[in-house]
1. Given charges of +1 on the Cβ of Lys and Arg and -1 on the Cβ of Asp and Glu, with all other atoms neutral, how large is the dipole of the chain about its Cα centre, in debye to the nearest 20?
2. Counting only residues 5 or more places away or on other chains, whose amide H sits under 5 Å from the amide H of residue 72 once H atoms are built in the peptide plane?
3. Tell me the mean residue ellipticity at 222 nm calculated for the chain from its helices only (DSSP H runs of n ≥ 4, each -39500 (n - 2.57), averaged over every residue, nearest 500).
4. What distance in nm lies between label points placed 7 Å from Cα along the C-beta direction at residue 32 and residue 71?
Amino acid sequence: MNERQNTIALSIDGEHRRVPVGLSVAAALSLCGDDRCRLSVSHQPRAPFCGMGVCQECRVTINGLRRLACQTLCQAGMRIERNDDE
């Protein structure tokens, strides 16, 4: 099978990426080399911690809406933005 058939295109902070089909947004961020999702109120980088949505550390903006990266599967054309304004 062709690599393009096993991946989907999306953007992370405006940068076009291809990630495997079936990947969570949290895993896609990590795969792209920077698992940071947001900055804390003290401007420290925060990344997924619990992996099941309880800790809320993986909040990102997806297509203009706040979502948990660990509970959201990547979809073609998705626009993912890290939340650096918290």
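Laboratory data are not the source of any read-out in this text; all were calculated from the coordinates shown. Note that this is a predicted model, so its numbers are computed, not measured. FYI the Cβ positions are ideal-geometry reconstructions off the backbone, even for glycines, and counts take in every protein chain you see.
1. Values: 11 positive and 10 negative charges, 43 e Å.
The dipole magnitude comes to about 200 debye.
2. Correct list: 25, 26.
3. Working: 1 runs with 7 residues, N = 86.
It comes out at -2000 deg cm²/dmol, rounded to the nearest 500.
4. Distance between the two pseudo-spin positions: 2.2 nm.
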